[in-house]
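The values are calculated or read from the model by the stated rules, or taken from the named source; none is laboratory data. Please read all numbers here as calculations on a predicted model, not as lab measurements. Remember, those area values only see protein heavy atoms, side chains included, never the ligands or the DNA or RNA. Shrake-Rupley method; radii C 1.70, N 1.55, O 1.52, S 1.80 Å.
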Amino acid sequence: MRTIEVTSKVSIDETGKLLLTIVGNLNLRGMAITALPENMSVGGYLDLEGTPITALPKNLSVGGGLNLRGTAIRALPENLSVGGNLDLEGTVITTLPENMSVGCDLYLSGTPITALPENMSVGGNLYLSGTRITALPENMSVGGSLYLSGTPITALPESLSVSGNLDLRGTAITALPENLSVAGYLDLENTAIKTIPQGVKVGGQIYGLEAA
């Protein structure tokens, strides 16, 4: 038996629902927990790595990072808000909820996910390497780098803007959109891309173009 000490507060909203708030961090890594209460809020990070949990409660809010690596999670609840990193590596998750917001990095590498939702916002890096992703939503926002190496994706959104690096190594992409903007480097190694449209803006180095 493992005992965890946390600082929490309980309140009731205008509809009479009980609200549980964890003021700091909640580390449940490796524990046999299978469910969390609805309308739960964690002010710091929430670590569920290696637990048998299969679903998260509705309206879960996490102010820090959310670690779900290696869990049995298959889907995320609507209106999920994560202020820090969201780590889903090693899960069998295939879809993400609409309007999902992640304040920092989103780790999806190695998952069976095939598509991303509309209006998704990622404040940091987005790791999609090794996934089955085939397309990106038109209005996606990535505040850091975008890693797509080894995916079957064939095209990028017309007005994609990446605030960090863009890694397209080994993808099936054959051309870049004319309004593409990349603040960092652009890696095109092992792609069929031979030219860069005039409207494309790249702040760093371009790799692999000569080998295309």
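Report, to the nearest whole %, how much of the accessible area of segment 79-212 belongs to carbon and sulfur atoms, 1.4 Å probe, protein only. Display every interim value, and only then the final one.
Values: 2540 of 5670 Å².
Carbon and sulfur: 45 percent of the exposed surface of segment 79-212.
Per residue, how much accessible surface does the chain expose to a 1.4 Å probe? Answer in Å², no decimals. Can you show the working numbers first?
Working: 10140 Å² over 212 residues.
Accessible area per residue, the chain: 48 Å².
How high is the relative contact order of segment 69-174, given as a whole-number percent (alpha carbon pairs under 8 Å, six or more residues apart)? Please list the in-between numbers first.
Working: 311 pairs, mean separation 19.7, N = 106.
Relative contact order of segment 69-174: 19 percent.
Which residue, MET31, MET100, MET120, tops the fluctuation ranking in a GNM of the chain built on C-alpha contacts under 10 Å?
Largest GNM mean-square fluctuation: MET31.
How much of the pair distance distribution for segment 76-212 lies past 19 Å, counting alpha-carbon pairs only, in percent? Walk me through the numbers before you get to the answer.
Working: 4268 of 9316 pairs.
Cα-Cα pairs in segment 76-212 separated by more than 19 Å: 46 percent.
Using alpha carbon centroids, what distance separates segment 21-82 and segment 171-193, in Å?
Spelled out, the Cα-based centre of one part sits 36 Å from the other.
Shape call for segment 148-212 from the C-alpha gyration tensor, a ≥ b ≥ c root eigenvalues: rounded (a/c under 1.5), prolate (a/b greater than b/c) or oblate? Intermediate results must be reported in sequence, preceding the final value.
Values: a/c = 1.35, a/b = 1.26, b/c = 1.08.
Rounded.
Fully extended, how many nm does the chain gain between SER161 and ALA192 (0.36 nm per residue separation, minus their Cα-Cα distance)? Can you show the working numbers first?
Working: separation 31, 0.36 × 31 = 11.16 nm, distance 2.13 nm.
Additional length available on full extension: 9.0 nm.
What percent of all Cα-Cα pairs in segment 27-91 falls into each 5 Å bin, going from 0 up to the bin containing the maximum distance?
Per 5 Å bin, starting at zero, the Cα-Cα P(r) for segment 27-91 comes out as 4, 20, 31, 32, 12, 0 percent.
When the chain is modelled as a GNM with alpha-carbon springs shorter than 10 Å, which of VAL122, VAL200, VAL182 fluctuates the most?
VAL200
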